[in-house]
1. So for chain A: antiparallel DSSP bridges make up what percent, rounded to the nearest 5?
2. Let me have the 222 nm mean residue ellipticity of chain B computed from DSSP H runs of 4+ only, each contributing -39500 (n - 2.57), with the sum over all residues rounded to the nearest 500.
3. List the lysines whose Cα lies under 16 Å from the Cα of residue A:54, skipping any in the same chain that are fewer than 8 positions away.
4. Can you pull the mean other chain C-beta count within 10 Å for peptide A:135-143?
5. Which whole number gives the average count of other chain Cβ atoms within 10 Å of the Cβ atoms across peptide A:79-87?
6. Within 15 Å, Cβ to Cβ, of residue B:147, how many net charges do the neighbouring residues add up to if Lys/Arg are +1 and Asp/Glu are -1?
7. Report the one residue of A:307, A:321, A:338 whose Cα lies farthest in the direction of the positive end of the charge dipole of segment A:226-338 (charges on C-beta: Lys and Arg +1, Asp and Glu -1; origin at the Cα centre).
8. Take every DSSP beta bridge with both residues inside segment A:125-212 and express the antiparallel ones as a percent of the total, to the nearest 5.
Amino acid sequence: MLRIEGLEVRKGNFILQVDHFEVQTHEFISILGPSGSGKTTFLEAIAGFSPLKKGKILFYGNDITGLPPWERNVAIIYQEAYLFPHFTVWKNLLYGKRACADFVRNIAGKLNISDLLDRFPNELSAGQRQRVSIARAIATRPLILLMDEPFNFLDPINKEDFRSLVKEIRESFLMPMILVTHDLEEALYYADRVAIIREGKIVGVDTPYSLVKRPEDDFVAQFTGRANFLPIEKKGERYFLGSVEINLPERVNRDRFVVMIRPQDIIISDAEPQHSSARNHLKGRIVEVRPGSKVNEVKVEVDGITLVVFITDASREELNLQPGMEVYLVFKATALHIFD
Amino acid sequence: MKRGFDLWIALLSALGLFFLTMPVLVLIFSTSPESFFFAIRDREFLGTLKVSILSATFSSLFVLLLGTPISYILARKTFPLKGILEHLVDLPIAIPHSVSGIAILYFFGRTSPVGQMLNIMGIKVYGDMVGIVLAMSFVSAPYYIASVKEGLSVVPREYESVSYSLGRGRAFTFFRVILPMARSHLFKGLILSWGRALSEFGAVMVVAYYPMTATVFIYERLESLGIKSTLPYAVIVLLLSGGLFVTFRVLCCRYAQNRRS
């Protein structure tokens, strides 16, 4: 439904360039990138707030590049709710040009804000305010909903609440959405596809699974989670990490190259496994054990190269992992991703 | 050291407050009730008060009409030579008021092209309330513009973006969102400029000695009859302008608070 061709936006010295970008009807796209990479500028270009130097933006085949923001029918939600402070919630919801009372009542019911309608924004909690701002945006029946890090100011409980809310909105109102975030989990959670943006360029668009498992380059790999990069050397038809032989998922026709493996794809064992289907067993020594809130991070040195491995609390306690201990790192050949 | 500093601050503040309030307080109690009530029934004087209040009010409305767009541009837009425009707008504060009056008279007077055009339209500036309003507007506009500009510049741009994205154009957004959000500054600016206009003497006297404003009346009275006979009139002007000024301020603050700025 949304197609962008050869877009270029300049803001001072910063240049945003997007050669081609598409959003399908009902699709949810997350745009992930570090601060200053151009995520917000990209949204603002779609909404019509940043003038285009070059390129075209099309909605359902119609060129809207020259239209002012108020004629685009693109709703935007920011980190803060930006509710108009001098209007009640009800008046805020009815503010949009295409908003009508019946639809607003319907949305207010779905978003659980029906009992807040007579209140002023300064009488609401941060979570309630953001709910109202989402409702206000939906009330205009936008062609697409843009969200610029909308959950940044919410506490973890509210965030969880909003995740289900956003899913519900998608299902109830069937509108395409673009979410801009620097939070990997948030980006992966909702998205049909994730676009990675770096220094004003989109460097990868794919499904969350493919981006995590088969990233296009090391930047994408690093940005979509923790990653181990292993320098591999080919000797004859065999592949080595240092002096340790490695089994790869496929044949490679280069002498030196880098493969990636995610920390969650590696298992730690205190003895060499005898009957494992995993074809790689690397002997190493634990350098560091760092407890975390979700998983424990263990650093293991294998022939001069340090690998990060994630393990659960239960495994850590069972194996009684300590720095200096000798362990085996076990992983499948298919867990390795070879960069082109 | 710290206590010494606090002491100095307290001492100088007390001195400053004494300097600002005592002359006014002493003036209020300077006149006898008889001469006060005599002055308050003086028809000529009441006429000048009416001219002052009406002119100041028209001047504030004029400043509201022309000053608000300037404030908006200065607060919201970036363009070359903006700094120069900012200085130009503030300039009337620095110009001696008699000089402001001469500038207004020279520009809008009968001999100037603008004055001739106004004359054809039947509008007279010299010796007319129009001239008084123009002179008052000239000296009071910077106070209004500064206040509204400050109010507009603290409204985050995202409010505009959100309003646009909800399908509302520039004018709608300006009148329904941006201006209401800056209304406390708008009222403050109006009150300041109204007070400034009401108290104007120099520029007004140059442009229009007649119809006489209260300030010119008091000056004339002082010149011809001396300070003692002027005191009751001065007290009335003081109580009226001060009283109205304070009342407006209180009312506007209340209104702004009630509407949740």
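1. Values: 56 of 74 bridges.
Here the antiparallel bridges make up roughly 75 percent for chain A.
2. On the way: 13 runs with 206 residues, N = 261.
It comes out at -26000 deg cm²/dmol, rounded to the nearest 500.
3. By straight Cα distance, residue A:54 reaches A:11, A:201.
4. Numbers: counts 0, 3, 3, 0, 1, 4, 1, 3, 0.
The per-residue average across the peptide is 2.
5. On the way: counts 1, 4, 2, 9, 2, 7, 8, 9, 5.
The per-residue average across the peptide is 5.
6. Numbers: positive: B:149, B:183, B:188, B:196, B:249; negative: B:86, B:90, B:150.
Value of the local net charge: +2.
7. Comparing the listed Cα positions along the dipole, A:338 ranks first.
8. Values: 5 of 9 bridges.
So the antiparallel bridges in segment A:125-212 amount to around 55 percent.
The values are calculated or read from the model by the stated rules, or taken from the named source; none is laboratory data. From a predicted model like this one, the values you see are computed outputs, not experimental measurements. Glycine gets a Cβ as well: all are built from the backbone with ideal geometry, and neighbour counts include every protein chain shown. Keep in mind that these areas ignore ligands, DNA and RNA; they rest on the heavy atoms of the full protein, side chains included. Shrake-Rupley method; radii C 1.70, N 1.55, O 1.52, S 1.80 Å.
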